[in-house]
Protein chains: 4
Amino acid sequence: MKPTIETLNLFKLASGDEFFLQLYQFIGKKRNKKVYIQSNLHGSEIVGNAVISQLIDFLSTLKKSELEGEIWLLPVCNPLGTNQRNHFFSSGRFNSYDGKDWNRIFWDYEKICHNLDEFVQENLKFDSLTIQENFLQQQKIAFSKQLEKINHPSGAPLFEQYRYQLQSLSMDANYVIDIHSSSNQCIDYLFCFPGEQENSAKYFQIDYGILMDTYDGDAFDEAFMKPWLALEKKFEKVGRKINVDRESWTLELGSGMKMNPQSVTIGVKGIINYLVKKGVLKLEHYSLISNEITLVSRQNIRNYYAPTGGMIQNRLSLKTRVQAGDKLYEILSFNKRGYLPEVIQVCAEKDGFVFDVSTNYSVNQGDYVLALCSINLEHLC
Amino acid sequence: MKPTIETLNLFKLASGDEFFLQLYQFIGKKRNKKVYIQSNLHGSEIVGNAVISQLIDFLSTLKKSELEGEIWLLPVCNPLGTNQRNHFFSSGRFNSYDGKDWNRIFWDYEKICHNLDEFVQENLKFDSLTIQENFLQQQKIAFSKQLEKINHPSGAPLFEQYRYQLQSLSMDANYVIDIHSSSNQCIDYLFCFPGEQENSAKYFQIDYGILMDTYDGDAFDEAFMKPWLALEKKFEKVGRKINVDRESWTLELGSGMKMNPQSVTIGVKGIINYLVKKGVLKLEHYSLISNEITLVSRQNIRNYYAPTGGMIQNRLSLKTRVQAGDKLYEILSFNKRGYLPEVIQVCAEKDGFVFDVSTNYSVNQGDYVLALCSINLEHLC
Amino acid sequence: MKPTIETLNLFKLASGDEFFLQLYQFIGKKRNKKVYIQSNLHGSEIVGNAVISQLIDFLSTLKKSELEGEIWLLPVCNPLGTNQRNHFFSSGRFNSYDGKDWNRIFWDYEKICHNLDEFVQENLKFDSLTIQENFLQQQKIAFSKQLEKINHPSGAPLFEQYRYQLQSLSMDANYVIDIHSSSNQCIDYLFCFPGEQENSAKYFQIDYGILMDTYDGDAFDEAFMKPWLALEKKFEKVGRKINVDRESWTLELGSGMKMNPQSVTIGVKGIINYLVKKGVLKLEHYSLISNEITLVSRQNIRNYYAPTGGMIQNRLSLKTRVQAGDKLYEILSFNKRGYLPEVIQVCAEKDGFVFDVSTNYSVNQGDYVLALCSINLEHLC
Amino acid sequence: MKPTIETLNLFKLASGDEFFLQLYQFIGKKRNKKVYIQSNLHGSEIVGNAVISQLIDFLSTLKKSELEGEIWLLPVCNPLGTNQRNHFFSSGRFNSYDGKDWNRIFWDYEKICHNLDEFVQENLKFDSLTIQENFLQQQKIAFSKQLEKINHPSGAPLFEQYRYQLQSLSMDANYVIDIHSSSNQCIDYLFCFPGEQENSAKYFQIDYGILMDTYDGDAFDEAFMKPWLALEKKFEKVGRKINVDRESWTLELGSGMKMNPQSVTIGVKGIINYLVKKGVLKLEHYSLISNEITLVSRQNIRNYYAPTGGMIQNRLSLKTRVQAGDKLYEILSFNKRGYLPEVIQVCAEKDGFVFDVSTNYSVNQGDYVLALCSINLEHLC
């Protein structure tokens, strides 16, 4: 099976050069379900490009009959972010023009959907699938106003033009997978939304997940999922349990500016396994794997910020278990007040393990140093 | 009268060097009222430093008896922002480390104040001044948790450490004035909160103001004022009109990276006149001036963004009046597809006048070009 | 006459997007002479794009018979530089990856041409045209090693790949015109190489020129001209005066990030007039204009740098004449040592006029403030 | 022995805050010889700060009698570079204001010393020490003009003010050690100047060194050493061999943005051992260590640049030996032309070993990927 490859105009730069998105679509026999996978929304988070590239290779080996639904893949989905450099480093976490984080710009239908109660009343009579279809139609109509705005003489800032493109491609998907990495050095984990979706988490074969118990709809995964979760809740309130077949995942595969092969493999295997579980891939002789995953609340992750300026030394390495009071790292801190350099020790507030560490050992006061994940340690393998 | 000058440690950088805030305090006979004025929160918006410098000069000529209350002045209030350079330009609108806009980071008490109804019930018996005192106490207690957090081993990101300092200095003020400029090229105007404050706007001798009909509390002026406005409303709901003697102003004086002397003069004269009106300055033989000001809603300002990449030409200049359909500017747009360069015309959507224009005539698609203010044109002098 | 438009692949970015050069060629009846004009080598210096666009329009109105030779035009010749943003500003003077100034990267044949004496001996017998042809051939052969290097597995840094493209297009030109602007705010002027070329300067209708009495070959205009000047000198040394029909110009048209229409007009008119003078354009009824130009040495331009940090105020405006000792500007300088702000005055070291001023009035110690041109003032019109 | 700690004003920033240098001086009984050690000239190269900090600790344990001469230590010697951030990364290799590489700005006396022949003639009668003293005096007088220039109203750009400070502190040293790291990931090595100095290289206990067979005087180590090497040569030419007791070293300890403890230890031990060898440290019971070092020419190090944009994968790791033709790395390269992603293989041009690798696996065309050191492999241990 060969993918259909579509090249979409993104925007024109001052020089007259243009940036594009290139979409790879695998279309199965039936088009009942849609999977949307993108990577590299933040400029330094490149691992997902290899994951998508290997998925394209893998899907190309399949027969059309082995795919039920369609899979859209969008690697290097943010050219402005990916190509941005400052010194040798990929600084494209935020737009250098306006400072906006590329993953805090998305359009959240729930925020402007003021007739949800009404919608529920009108749709009580329908089955789940029709309800979803109707809700999607309504969302698309509201979303089309975004395009109208862009086409006005006053236009729209780049971030609105950009999100319009990504959300146009993904809004009608059933399963959205956005592949990120840490900006720093991190273990592999995923973000999971609460509800039915939690049951699917274990098919990604990733050890840890963060449960999105709070979300404001500005991130890509949130903007996709939040309206559907709101819809489910509204129906629940009136006593109707609908089965919304939508899931939104952010995979966090390893470290920024790196192409760690283990993280790539985990991404590829996990996504294939998940798609088999979801019935999108019908692979003969494939045995579905289910891996225990520890889902923790966002509150279990505590970031540590430098209490003063200096250089980090003797920091515990990734995955090290600590107990409250254990030394996490030292700062070698200089001064311009005539004193000798000092070494300052920073200790853990709680038990946990080292979840993420900064790439940069040089810190201004308030710079990020590491994150500790404080879960029930029995859960650790 | 000489100011008390206090130098406050802000943070230590990786090199061991430190940044400071330097506060100039003029203390009158009575300390009944406090005015807090700061400038240069955004790195390129430097005009306010000259305004504060001239205010220091002016206040130094006064006798203690001419000042009723105290005036705190904090010029160059954001060293990291002010000193930031990229090429020859002041790029300090957002932190180059995390992309955060320096004026969207502040702590908004209302968001965490969950006992407001209770507070109102308990304080119904008191007079306005006591209510304010009690509310301020409660706010300060909540705020002190911020410091606790900073002092934990996990610390706090720089923006939390920074806002703690600025808000510590200003939280108990009656009148807060935050002096900004456009990042680009703009007329002088101010931001005014709705309510009693609107009556004071005309004393700044500025022709235009934007009425803050919506605000989320993240900006400095908002974070100061939002809890007080919430308090007023709650009391109103139970039928009690309290007179909250708090006002929060953002003055927008001219253009970024510039020291326009007219904008400086307007700032200095306007602030003095306002302080006389407020009874903080008791100047003999001073005749209070009141200048008509046009207060418009935020919705009256429409930004125009480049529909494609290229170079802006033939743009209307600041303050030009236009009618809907009038040409506002052209883009000379190049391409890399084998065609001749094109000239694209962009026209006004509504009647109005040119309120702000970009410093940079080179635009990527979606870059900002100008802002149009669409007010009832009869109001223009 | 329509131009031939050629789109040349420049480089591929990490995202797989590509940047291009687009060349507009007007070919006359004879192809005896070649003119090469480019613009926007520094990202913020955009005026030349409008000049080239208007030249394309003008040349398109001509008949083939009115053009003797060929004119190659390359607007927006540096996509990486032009599209670079930091905050709202065009920061593309240097590459954000390696800090290299885009106009200090060029390949200077003279530096590697070790057989110049030999070449002169062998070519004494030829006429000027043949000598030039032979020298150009030799230069091209040496230059082709650059391409070989690029095509090696070890490749070449971006700047070498980039310069290869620009110099491939321009190396065999007779007249090279590179259109720049100030990064800051400046009058219109040009850079002129010494020798025969000085006589052509007055046809550009620009009031001032800087005579390139020293040059190291790293800038685009230098890299083109330096080998030819070296050749001329060598022949002169052996008593042979050859007439090298090569000229290299950098036009500095006005201010950065601006599209000043007067500067555009001066550029267009000046170039047309120059090309008529050079016999490339054969325009009936055209009266050649010759404008007095003041050519000064580089040493006549003195940059003033901030003696301390602060904000510039009361600076003299562009073109103001001064005498030694006159105040040029003030710095409003703050401190964090408990003192009042200070105003520091900076005075002219010599007589002259204000030639260029910084866009940014905020200065760290050592930041650029203005440039003074100290010429014999009688020369001023 | 306690160090004398001196805090030197460096420059004032726009905000009125100041940056400082803090110098730690250990003064022995005799002051016959001076050692000058600095670190962190490039913002991301922080390892040397730990080296200096540990040297301060070590020297503090010595008795005054154990030190013959004086040792000046300057950690975090470039606050502007060290504190610079872009996203989470230390981007301070070049000044974000003017793009100048912080280690290509130094003042090279040889370039302006036009009376060297004359000096030699006049000093033939003196002994080596007197000649050095006289030459240093002459150099200092020339250098003092730099200060005069800085103190003129026109001042000097920041880099001239900065280099003046560093070179003032180091110019009269006998042994200069400038501690750097790779901006990327590298083995430990050193830069060594040719001549007598080569015999001292082995005392640093570092396996590799690059012999500075070409240098232009712009780097810190070069600016110090170049005039002395020129002096030696001039004397040699007239048949006099003088013993110039000056050495200049750049140690490259490991990787950027890191505090690798092995690199720190190597730096500390190597410097102590070297200072013992030089007779500056007189440590009882200390056995001098001499470690074989492989000194290679600069030409033996070949940088590999990305032939196209994409993501690096399967790259050989640091220190891996390769033979010409072996695969070094792959680029996973995307396109926007409707094709599948490609994998491009890049092979070694010569035998050698992987000397340095880029931190960033995302490459625009022409970005740096790795460096290969092609030495006679028998020399490898």
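Between their Cα atoms, which of C:K140/C:K226; B:K202/B:K269; C:K12/C:K145; A:K2/D:K336 are more than 24 Å away from each other? Walk me through the numbers before you get to the answer.
Details: C:K140/C:K226 15 Å; B:K202/B:K269 12 Å; C:K12/C:K145 22 Å; A:K2/D:K336 17 Å.
Too far apart for the 24 Å limit: no listed pair.
Sum up the charges of everything whose Cβ sits under 15 Å from the Cβ of B:D326, counting Lys and Arg as +1 and Asp and Glu as -1, but leave B:D326 out. Let's see the in-between values first.
Details: positive: B:R302, B:R315, B:K319, B:R321, B:K327, B:K350; negative: B:E330, B:E349, B:D351.
Local net charge: +3.
Can you give me the C-alpha center-to-center distance between the range C:280-303 and the range D:98-121, rounded to a whole angstrom?
37 Å
Once the label point is set 7 Å along the Cα-to-beta-carbon vector, what list of distances in nm do you get between A:D216 and its counterparts in the other copies?
So the distances to the same position in the other copies read 0.5, 4.9, 4.9 nm.
Taking the label point 7 Å from Cα in the Cβ direction, how far apart in nm is C:E196 from each other copy of itself, listed shortest first?
From this label point to the equivalent ones elsewhere in the assembly: 5.5, 8.3, 8.3 nm.
In which sequence would D:K277, C:K29 go, from the one with the fewest C-beta neighbours within 10 Å to the one with the most?
On the way: D:K277 17, C:K29 13.
Fewest-to-most Cβ neighbours within 10 Å comes out as C:K29, D:K277.
In the protein assembly as shown, what percentage of the DSSP-assigned beta bridges are antiparallel, given to the nearest 5? Mind showing how you got there, number by number?
Numbers: 172 of 268 bridges.
The antiparallel fraction comes to roughly 65 percent.
C:C347 to C:E292: FRET efficiency via 1/(1 + (r/R0)^6), r the Cβ-Cβ distance, R0 35 Å, to the nearest 0.05? Intermediate values should be presented prior to the final figure.
Working: r = 31 Å, r/R0 = 0.87.
It comes out at approximately 0.70.
Treat each spin label as a single point 7 Å out from the Cα along the C-beta direction, and report the A:K149 to A:E6 distance in nm.
That separation, rounded to one decimal, is 2.3 nm.
Taking only Cα atoms, what is the 0 to 90° angle, nearest 10, from helix C:128-151's long axis to the longest principal axis of chain C?
70 degrees
Could you give the spread of the C-alpha atoms of the range A:262-381 along their three principal axes, from largest to smallest, in whole angstroms?
73, 27, 20
Find the relative contact order for chain D and round it to a whole percent, using C-alpha pairs within less than 8 Å whose residues are 6+ positions apart. Don't jump to the answer; show the numbers that get you there.
Values: 779 pairs, mean separation 62.4, N = 381.
Worked out over chain D, it gives 16 percent.
Alpha carbons only, please: Rg and Dmax for the range C:203-321, in angstrom.
18.7, 58
Report the FRET efficiency, 1/(1 + (r/R0)^6), for A:T320 and A:C113, where r is their Cβ-Cβ distance and R0 is 51 Å, rounded to 0.05.
Values: r = 45 Å, r/R0 = 0.89.
Calculated value: 0.65.
Among A:S374, C:S170, C:S15, rank each residue by its count of other Cβ atoms within 10 Å, from fewest to most, as a rough exposure measure. Intermediate values should be presented prior to the final figure.
Values: A:S374 19, C:S170 22, C:S15 31.
Ascending number of Cβ neighbours within 10 Å: A:S374, C:S170, C:S15.
With the label 7 angstrom out along Cα to Cβ, how close does C:Q137 come to the same site in each of the other copies, in nm, nearest first?
6.1, 7.7, 9.8
Return one number: the angle in degrees, 0 to 90 and rounded to the nearest 10, between the long axis of the Cα atoms of helix C:261-277 and the longest principal axis of the Cα atoms of chain C.
30 degrees
Top mean-square fluctuation among C:K336, C:K233, C:K30, Gaussian network model of chain C, C-alpha springs under 10 Å?
Top of the fluctuation ranking is C:K336.
Going by Cα centres, the range B:136-159 and the range A:57-80 are how many Å apart?
Centre-to-centre distance over Cα atoms comes out at 48 Å.
Mind listing P(r) for the range B:1-107? All alpha-carbon pairs, 5 Å bins, whole percents.
For the range B:1-107, the binned pair fractions read 2, 12, 18, 20, 17, 12, 9, 6, 3, 0 percent.
Name the residues whose placed amide hydrogens come within less than 5 Å of the amide hydrogen of C:L10, ignoring near sequence neighbours (fewer than 5 apart) on the same chain.
Distant-sequence amide H within range of C:L10: C:F19, C:F20, C:L21.
Under the rule of at least 5 residues apart or a separate chain, name every residue whose amide H is placed under 5 Å from the amide H of C:W249.
It is C:V176, C:I177, C:D178, by chain and number.
For D:49-57, what's the mean count of beta carbons from other chains sitting within 10 Å of each residue's beta carbon? If you can, show how the numbers build up before the last one.
On the way: counts 10, 6, 0, 3, 10, 2, 0, 2, 3.
Partner-chain Cβ atoms within 10 Å, mean over residues of D:49-57: 4.
For chain C, set up a Gaussian network in which alpha carbons nearer than 10 Å are linked by springs, and say which option among C:D356, C:D108, C:D367 fluctuates the most.
Top of the fluctuation ranking is C:D367.
Could you work out [θ]222 nm for chain B from helices alone, using -39500 (n - 2.57) per DSSP H run of at least four and dividing by all its residues? Round to the nearest 500 deg cm²/dmol. Could you put the intermediate results ahead of the total?
Numbers: 8 runs with 103 residues, N = 381.
Roughly -8500 deg cm²/dmol at 222 nm, from the helical runs in chain B.
Using Cβ counts within 10 Å as a stand-in for footprinting exposure, how do C:M212, C:M311, B:M225 rank, fewest first?
Working: C:M212 21, C:M311 28, B:M225 25.
By the 10 Å Cβ count, ascending: C:M212, B:M225, C:M311.
Please check which bits of the range C:1-37 a label hung off C:S60 would reach, taking the label as a point 7 Å along Cα-to-C-beta and the cut-off as backbone N under 15 Å.
Answer for this model: C:1-6, C:23-27.
Give me a single rounded figure for D:155-163: the average over its residues of other chain Cβ atoms within 10 Å of their Cβ. Don't skip to the answer; put the middle values down first.
Working: counts 12, 5, 6, 7, 1, 2, 4, 2, 0.
Mean inter-chain Cβ contacts per residue within 10 Å come to 4.
On average, how many beta carbons from a partner chain sit within 10 Å of the beta carbon of a residue in D:354-363?
Numbers: counts 0, 0, 0, 0, 3, 8, 11, 12, 21, 7.
Mean number of neighbouring Cβ atoms from other chains: 6.
Sort the protein assembly as shown into rounded, prolate or oblate with this rule: let a ≥ b ≥ c be the square roots of the eigenvalues of the Cα gyration tensor; rounded if a/c is under 1.5, and if a/c is not under 1.5, prolate when a/b is larger than b/c, oblate otherwise. Walk me through the numbers on the way to the answer.
Numbers: a/c = 1.22, a/b = 1.22, b/c = 1.00.
The shape class here is rounded.
Taking the C-alpha atoms of chain C, how large are the radius of gyration and the largest Cα-Cα span, Dmax, in Å?
Looking at chain C, its Cα Rg and Dmax stand at 22.4, 78 Å.
Consider the operator that turns chain D into chain C: which D residue has a Cβ nearest its axis, and what is that gap in Å?
In residue-and-Å form, the answer is D:G99, 2.
Among the DSSP beta bridges whose two residues both lie in chain A, what percent are antiparallel, rounded to the nearest 5? Intermediate results must be reported in sequence, preceding the final value.
Working: 43 of 67 bridges.
Antiparallel bridges make up about 65 percent of those DSSP assigns within chain A.
Can you give the angle from 0 to 90° between the axis of helix A:47-60 and the longest principal axis of chain A, with both taken from C-alpha atoms, to the nearest 10?
It is inclined by approximately 30 degrees.
Using only Cα atoms, what is the ratio of the radius of gyration of the range D:115-255 to 2.2 N^0.38 Å? Don't skip to the answer; put the middle values down first.
On the way: Rg = 16.9 Å, N = 141, 2.2 N^0.38 = 14.4 Å.
For the range D:115-255, the normalised Cα radius of gyration comes out at 1.17.
What residue among C:P157, C:P75, C:P261 has the largest mean-square fluctuation in a Gaussian network model of chain C, using Cα springs under 10 Å?
Between C:P157, C:P75, C:P261, it is C:P157 that shows the largest mean-square fluctuation.
What is the distance in Å between the Cα centroid of the range C:316-343 and that of the range A:227-250?
65 Å
No lab work stands behind these numbers, since they all come straight from the coordinates. Note that the structure is a prediction, hence the values are computed from the model and not measured. Cβ atoms come from the backbone with ideal geometry, glycine included; neighbour counts cover every protein chain shown.
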